[in-house]
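Following: one structure in structure tokens, then a few remarks.
Readers should treat all values here as calculations from the given coordinates under stated rules, not as data from a laboratory. Everything numeric in this text was worked out from a predicted model, so none of it was measured. When we count neighbours, we look across all protein chains shown, and the Cβ atoms used for this are built from the backbone with ideal geometry, even at glycine.
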Amino acid sequence: MNAVPTPDTRPPVLHIQALSKYFGGLKAVSNLDLVIRERELVGLIGPNGAGKTTVFNMITGIYVPSSGSIGFRGTELSEMAPHAITHLGIARTFQNIRLFPNLTVLDNVRIAFHAHAGYGLTDAIVRNARFSSHERLLTERAQEFLGVFNLQDRQGEIARNLPYGEQRRLEIARALAAEPKLLLLDEPAAGMNPAEVATLMEMIHFVRERFNLTILLIEHQMRVVMGICEWMSVMDFGEVIARGTPQEIQANQAVIEAYLGRGAAALAQKLKRKRTNAA
Amino acid sequence: MSRRGMMARKLDRNSLLFFGGALLLFAVVQVLISVGVLTDYYSTILRIGAVMAIVSLGLNLIYGFNGQFSLGQWGFYAIGAYAAADLTYRWKLHDASGVAVLLMVVLFVGLALWGLGKLLSKVRGLDILSAFGLYLVAVFAAAYLGVRVGAVLTGPLTAALSALPEALASQIVFVVAVILGGVVAGEVAYLFGLPVLTLGSDYFGIATLGFTIIVKVLLDNSDTMFGFEEMKGARGMIGIPHQTTWAWVFVFLLLVVVITRNLLHSSEGRAMISVREDEIAAKAMGIDVARYKNLAFVVGSVFAGVAGALYAHINGFLHPNNFNFLRSFDPMIIIVFGGLGSVTGTVTAAFAWAILLEGVLRLFLPDGFETWRFVVYPLLLLIMMLLRPSGLLGGVELPFLKQLMPPLKPAAKGPQGAEGGQV
């Protein structure tokens, strides 16, 4: 196994130690360690069912871990409520897009600003000056976010009527509106063709620069993350089986076995050897 | 003129049209009542329509906007009705004890709920039933204290109100009673909602149905179990002053509509609606789902309490059978007919319900119609679901009640990738 090629000078944003989650007798995640430092773009990959989304659900508070700890910039997350975790600065997208389907594109983003609305229930009911000014500010900022993702003309559209690609973009815009320090993307490229994936990768790079983000990305198609991640962890059956740079991962025997199965991996090895012998 | 200026002007025009139209409607009906064209029978139907609109708007907030299927609305309606009726009944006998005691109880219980909420928000990992137990103890202690303090204040308050002209004093007591009826219902809803709102949707519906049944049974025994002899238990409470005029129901309906609209078109309202749309996504966006379920439930129940209080003073007669759980379906039918999540639809359907089903049909159909009600309603509901499942006015709102889209902003610089756009 290769060492993580990160300079240890940057402070860790996310520090996961010995994290496990059991559903009854099923080990979904066992003894996971993961350290992500500021401004890193990290991939968490593995075959379907490896436990990647379970890790996300534990970081965001949807599942309570069976054991282990999740530190986020010095705060322990493992017993916090999901909304409180979001307020600390973690936002996510979902594998199967979860927008607010019957609301407008604008409202989808405005809801994510809720924690920073700046007015309360009574202000809203009596519609005082505080409400009006903050609401206008909030709306303008939401429009700005839509502009960044080229969705500004769609603000009045009902979210479920958007084409798939735009729904994906809207979901990322909404996540960013929650003003995260750490962005978790759960299979953002699911259901996209190679050209669309390329566009998406550019967008991820762009938002990282523009919003100064640390990003953790889940993906099960390996080629998607090869291009953009600085390093990655590979999971299989709830455990980390490898980590390293994309090049190291590509050559890693355990990873190939996890993806192809032991027999197929051996076959691939044999073919490779035969080819070199022939040459 | 700037775009924003134009938007503000447009908003003003919509408000003007809305309030102007409302005033006109009010004036026309008021004149017709005053000159006697609309008999007492029809005026009662209109007032009932307005009351049903208020209770249904409350349910629409809970079910239509927050997505919690509740059959408890009728229970809160009953609580508001009996609470308010008791106050005005006592004042008719020149006794302000009802007002003083309930005011104090509501105040102390409110403070207890608020204070305990603040306190418990600092405690992590407290399970919901333990928290509920603490709340229950705090509420009973606060209510006891309220009764004691209220008893002391009764004398001075009676003297103060008696010093006022009689007509004015009785109107003040009436308005205070209606508002307190709403607040009592809201506080009960808060307490009841704490454990019950954590249940999934179907279970929540069953629990709230249970609540309505319990309230009815308690009212059946209000005289023997709780010592409210004036409520007369299952024999029905009589002698409540007839103070709910067309003007009063109209004022309260308008207030409820405006509050609903202001609430919905704010960050708080959007948070409430996001819970209906997708609970998990709402949590991930930083929405405290439990808080917003409770908020919708409490506000909706306050509306139910206010509506009940107004209802009590229309006929001057309350009977526990009026609060049978079967009647819980009336507001449910109204919001489904009007269109879930439509304020305009709810108000329209409430009046249509009162005028057509309770009024006109009863005049023209033979006497036995009463028993056919529960055949006609479900049939209509069935036809509705088949032909127009979104309700008569689903998705339709008056301009005043509609959310306006802000003007577009000039595009900010996006990533090259997003420019490609067609992903």
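Remark: mean inter-chain Cβ contacts per residue of A:131-144 equal 2, using a 10 Å Cβ-Cβ cutoff to other protein chain atoms. Give me D for the stretch B:57-321 in µm² s⁻¹, whole number, from Stokes-Einstein with Rh from the Kirkwood sum over alpha-carbon pairs, 4 °C and 1.567 mPa s. Taking Rh from Cα pairs, D becomes 68 µm²/s.
If you build a Gaussian network model of chain B, linking Cα atoms that sit under 10 Å apart, which residue out of B:Asp367, B:Asp288, B:Asp278 swings the most? Residue with maximal mean-square fluctuation among B:Asp367, B:Asp288, B:Asp278: B:Asp367.
Looking at the protein assembly as shown only, what percent of DSSP beta bridges run antiparallel? Nearest 5 please. In the protein assembly as shown, DSSP labels about 60 percent of beta bridges as antiparallel. Residues whose amide H falls under 5 Å from that of A:Gly244, counting only those 5 or more places apart or on a different chain, are A:Met232, with hydrogens built in the peptide plane.
In straight-distance terms, cross-link reach from A:Lys52 covers every one of the lysines whose alpha-carbon lies under 21 Å from its own, apart from those fewer than eight places away in the same chain; here that gives A:Lys21, A:Lys27, A:Lys181, B:Lys283. In chain A, the DSSP-assigned H stretches of four residues or longer account for a calculated mean residue ellipticity at 222 nm of -12500 deg cm²/dmol, using -39500 (n - 2.57) per stretch and the full residue count as denominator.
For the pair B:Asn14 and B:Leu126, label points projected 7 Å from Cα toward Cβ lie 4.2 nm apart. Rounded to the nearest 20, the Cβ-based charge dipole of the protein assembly as shown about its Cα centre (Lys and Arg +1, Asp and Glu -1) stands at 1460 debye. In this Cβ point-charge picture (+1 for Lys and Arg, -1 for Asp and Glu), the stretch A:162-274 has a dipole of about 500 debye about its Cα centre. Close amide H partners of A:Val13, meaning residues 5 or more places away or on another chain with modelled amide H under 5 Å apart, are A:Ile36, A:Arg37, A:Glu38. Projecting the Cα positions of A:Leu19, B:Val55, B:Leu24 onto the charge dipole of the protein assembly as shown (unit charges on Cβ atoms of Lys, Arg, Asp and Glu, taken about the Cα centre) puts A:Leu19 furthest along the positive direction.
The calculated FRET efficiency for B:Gln171 paired with B:Leu136, based on their beta-carbon distance and R0 = 35 Å, is about 0.45.
Ordering B:Val258, B:Leu120, B:Trp74 by the projection of their Cα atoms onto the charge dipole of the stretch B:57-321, which places +1 on the Cβ of Lys and Arg and -1 on the Cβ of Asp and Glu, puts B:Leu120 at the extreme positive end. Once the Cβ-Cβ distance of A:Asn277 and B:Ile280 is raised to the sixth power relative to R0 = 41 Å, the FRET efficiency obtained is 0.15. Counting Lys and Arg as +1 and Asp and Glu as -1 over every other residue whose Cβ lies under 11 Å from the Cβ of B:Lys293, the net charge comes to 0. Listed by chain and number, the aspartates and glutamates placed with their C-alpha closer than 17 angstrom to that of B:Lys92 are B:Glu166, B:Glu229, B:Glu230; residues fewer than eight positions away on the same chain are left out. Within the shell of other residues whose beta carbon sits under 13 angstrom from the beta carbon of B:Leu61, the net charge comes to +2, with Lys and Arg scored +1 and Asp and Glu -1. When the alpha carbon gyration tensor of the stretch B:225-280 is reduced to an equivalent ellipsoid, its three semi-axes come out at 38, 21, 7 angstrom, largest first. Phi-derived couplings, Karplus 6.51 cos²θ - 1.76 cosθ + 1.60 at θ = phi - 60°, listed residue by residue for the stretch B:33-44: 5, 4, 7, x, 5, 8, 6, 4, 4, 6, 5, 4 Hz, with x used for Gly and Pro. Classify the stretch B:218-312 from the C-alpha gyration tensor, please: rounded if a/c falls under 1.5, else prolate or oblate depending on whether a/b exceeds b/c. Judged from the Cα gyration tensor, the stretch B:218-312 comes out oblate (a/c at least 1.5, b/c at or above a/b).
Over all pairs of different C-alpha atoms, the stretch B:252-372 has a mean inverse distance whose reciprocal, the Kirkwood radius, equals 16.7 Å.
The residue among A:Asn161, A:Thr245, A:Ile172 whose Cα reaches farthest toward the positive pole of the charge dipole of the stretch A:143-279, with charges on the beta-carbon of Lys, Arg, Asp and Glu, is A:Thr245.
Between B:Ser34 and B:Asp202, the FRET efficiency from the beta-carbon distance, with R0 = 45 Å, is close to 0.35.
With Cα atoms as the point set, the stretch B:172-248 shows a radius of gyration and Dmax of 15.7, 42 Å. Cα convex hull, the protein assembly as shown: 199 Å³ per residue, rounded to a whole number.
Largest GNM mean-square fluctuation among B:Ile314, B:Ile79, B:Ile383, using chain B with Cα springs under 10 Å: B:Ile383. Residues whose amide H falls under 5 Å from that of A:Glu239, counting only those 5 or more places apart or on a different chain, are A:Ser30, with hydrogens built in the peptide plane. Phi-derived couplings, Karplus 6.51 cos²θ - 1.76 cosθ + 1.60 at θ = phi - 60°, listed residue by residue for the stretch A:214-220: 9, 10, 10, 10, 9, 7, 10 Hz, with x used for Gly and Pro. Can you pull the percent of Cα pairs in chain A with separation above 22 Å? So the portion of pairs separated by more than 22 Å is 61 percent.
Convex hull volume of the C-alpha atoms in the stretch A:101-178, normalised per residue: 82 Å³.
Dividing the helix sum by the residues of chain B, where each DSSP H run of 4 or more adds -39500 (n - 2.57), gives a mean residue ellipticity at 222 nm of -23500 deg cm²/dmol. Shielding value for A:76-85 is 4, the average number of Cβ atoms from other chains within 10 Å of each residue's Cβ. Comparing B:Leu393, B:Leu209, B:Leu93 in a Gaussian network model of chain B where C-alpha atoms under 10 Å apart are linked, the largest mean-square fluctuation is found at B:Leu93.
Count Lys and Arg as plus one, Asp and Glu as minus one, and take only other residues whose Cβ is under 14 Å from that of B:Gly345; the net charge is then +2.
Hydrodynamic radius of the stretch A:76-125 by the Kirkwood approach over all distinct alpha-carbon pairs: 13.1 Å. Here the dipole of chain B is about 1280 debye; that uses its Cα centre as origin and unit charges on the Cβ of Lys and Arg (positive) and Asp and Glu (negative). Residues in the stretch A:34-48 carry Karplus couplings, in order, of 7, 10, 10, 9, 3, 6, 7, 10, 10, x, 10, 10, x, x, 4 Hz; the curve used is 6.51 cos²θ - 1.76 cosθ + 1.60 with θ = phi - 60°, and Gly or Pro positions show x.
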